[in-house]
Every structure is written in structure tokens, then in C-alpha cells.
Amino acid sequence: MVRKIRAKLVLQLRAEGLSGRAIAASQGMSRKSITAVLEAADAAGVVWDDIAELRAAIIERVAAYNAEPFQKRSGSRASVFAAEEQPLLTGLPAAAYEISRWVYGRRVGRNGHVVWERNYYSVPFANIGTTVDLRITDRVIQAYRGTERLTSHLLLPEGAANEYRTNDADLPAGEKYRQWDPPRVREWAGRIGPAAVAVVNRIFESVPVDEQGLDAALAVLRLSRRYSAERVEAACRLALAGRVRSPRYAHLQPILATEQDKAAGLRPSRDEPAEHGGYVRGAEYYAGGAK
């Protein structure tokens, strides 16, 4: 009873001029509980901002209140609790309770990971393409499908971005399965051609960490699923000849869609005359001679 009273609030309301009855009515507390708090505060000589001293005084007052004998039956609140209620109590859980929040309907990507705050956490590969619910605490992130917990990860530190947490148990079994990494991306680009390798290398050079360029590089290479490797290689060669230092999907896809790569192959090469110097007007021009 008295343990659950918000003592600081009670004293603050009294300092604002409210009576014990008004405080009890406004806060949904019993008048006897309010009186106990106010008497404990008066006995200890504390006000609402001396909460530490008030808490000690309330604990002492509560013990005395619970030890008072009943008027119409034998025993006291403390004795009844020890004899009837305490044996029925169970022990506290070994792990402390953690406040968590839920995020529903997060889609598992093709790479078998779900995104949370710009980072990637693995989910068992059988759930690729489905949606899962995330439970996030201060330390861990868990993925659920209905009431079934699928996986659990330590939460990446605040400020981390584009990082991966992958459990080996979430990956498919077999030696043929390989995660995408820069060496594997370069290997794929090498099967297309040297221009594709150059494009991929420039993408990796343009980012602080190679892993941040994986999606952009894969987007370029996956064009070979829609177009032939020869056309993708020609488009890469054409893009590299342009002004863009690091061509991406947004530069290559229009080239292929408009067949500029084919037109570039049919266009005759231009032999530009060598320049041995700039245009010089000569001294006669500046001296006022014939122009």
C-alpha cells in the first residue's frame, strides 16, 4: 500500500496547497496512505525535494504500520503476510527484466538479412522474402515469426552503419554457398571483361569501406542477366570514356536501354589531328598590322 505511493508527488502537491483529501481524490490513493506519508514527512522534517530522507522515513513508518495489530482479528499485516502469502511467492527470474520495443513486418532481403537502423542482421535463409517481427532491447535484437523466435544478435553500437551481423546457423549448408564480398564481385566482373573490372574497382575506390560498394557493384554486374556480357562490357567501356569518374547502374542502364553500346561499335573512329601548339596571332596583329 504505502510502498507504492508516489511520495515525492504527494509532498509536492501539499506544497502547492492541496489538502490530504484532495490529494487522495486526485491521485486515486487512500486517505490513510496519504496521511501516513505526510506524517512520516513531518516527523522527519523533510519537504518534497528531500526525497532520499523521505524514503528512509517512509520505510520505517511502513514497518511500524504493518506491525500494528488488527482490531477484529489476531495478528497483524506483517504476520499474515509471513504466514499466508510469503510461502506462495516464487523466486525472481535469474535474468533481469528488459524493456523492449517491437517493430512489425520487416522484410528479409535476398541476402538473408533484415535491416535495422542502417545495419544488417541475418535471419535463417528459409525466411528470405518473408516478413518478420523485430524485438529490440538495449543489448540485443531478435527476429520472430509469429511466436517463434528465429534468431538473436547482439545489437551493433549506436552510430554504426552498413555493418553485418551474421550467424553461421542462419546460412544454408553446403560448400557451394558463398557470401558476397569484394573478391567474389571482382571475380564475376572478370568473367564479363576488363572494362567491367575497371568499373567495379572505381566503385570500391569511391567508398570508405569496400563493403559499402557491394550493392552498387552488384547492381552493375546484374545487368548481365538482362543483357549479354558483351553488351555490358561495351557499356562499361563507353561509360569509362565519359566524364563520370565512377560509373554506376544509373549511368550504364540507359546506355544499354537505348543501345548506345551497339551504335558505338558501328561508329568509325575519329583521327584527331595532333596539336603542336595553340593559335598564335603573331606580333603583327598586336602591332596594328593586317588582321
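Tabulated results
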{"item": "Answer residue from the stretch 142-153, given it is among the polar types (S, T, N, Q) and surrounded by 15 or more Cβ atoms within 10 Å (Cβ to Cβ) and is farthest from residue 117 (Cα to Cα) among those", "result": "151"}
{"item": "Residue within the stretch 83-91 that is open to solvent by less than 80 Å² (accessible area, probe 1.4 Å) and assigned to a helix (DSSP H, G or I) present", "result": "yes"}
{"item": "Residue satisfying condition, being open to solvent by 60 Å² or more (accessible area, probe 1.4 Å), in contact with a strand residue (DSSP E or B) (Cβ under 9 Å, 6 or more places away or on another chain) and farther than 30 Å from residue 236 by Cβ, within set 135, 139", "result": "139"}
{"item": "Residue list for the stretch 218-238, filter: open to solvent by less than 90 Å² (accessible area, probe 1.4 Å) and part of a loop (DSSP other than H, G, I, E, B)", "result": "227, 228"}
{"item": "The stretch 64-93 residues that are at pLDDT 90 or above, paired with ones that are surrounded by 13 or more Cβ atoms within 10 Å (Cβ to Cβ) and assigned to a loop (DSSP other than H, G, I, E, B) (beta carbon under 8 Å, 6 or more apart)", "result": "69/75; 83/75"}
{"item": "Index of the failed condition, residue 197 passing every other in (1) of a type in the set (A, V, I, L, M); (2) part of a loop (DSSP other than H, G, I, E, B); (3) without any contact (Cβ under 8 Å) to a residue 12 or more places away in the chain", "result": "(2)"}
{"item": "Test set (1) assigned to a helix (DSSP H, G or I); (2) open to solvent by 50 Å² or more (accessible area, probe 1.4 Å) - residue 80 fails condition number", "result": "(2)"}
{"item": "Number of positions in the stretch 239-258 that are outside any helix (DSSP H, G or I), of a type in the set (Gly, Ala, Ser) and over 30 Å from the mean Cα position of the chain (by Cα)", "result": "2"}
{"item": "Whichever residue in the stretch 74-112 is touching a helix residue (DSSP H, G or I) at 6+ places or on another chain (Cβ under 9 Å) and of a type outside the set (S, T, N, Q) and, among such residues, is farthest from residue 143 (Cα to Cα)", "result": "75"}
{"item": "Set 177, 227: member being farther than 21 Å from residue 105 by Cα and at pLDDT below 90", "result": "177"}
{"item": "Listing of strands (runs of 3 or more DSSP E) fully contained in the stretch 99-192 that carry 2 or more residues being without any contact (Cβ under 8 Å) to a residue 24 or more places away in the chain and either in contact with a Lys or Arg (Cβ under 7 Å, 6 or more places away or on another chain) or within 19 Å of residue 213 (Cβ to Cβ) (or both)", "result": "140-145"}
{"item": "Top-ranked residue in the stretch 259-282 [being open to solvent by 80 Å² or more (accessible area, probe 1.4 Å) and assigned to a helix (DSSP H, G or I); ranked as modelled with the lowest pLDDT]", "result": "266"}
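The values are calculated or read from the model by the stated rules, or taken from the named source; none is laboratory data. The structure presented is a predicted model; accordingly, all values stated were derived computationally and were not measured. Note that we place each Cβ from the backbone using ideal geometry, even for glycine, and neighbour counts take in every protein chain shown. These accessible areas exclude ligands, DNA and RNA; they are computed on the full protein's heavy atoms, side chains included. Shrake-Rupley method; radii C 1.70, N 1.55, O 1.52, S 1.80 Å.
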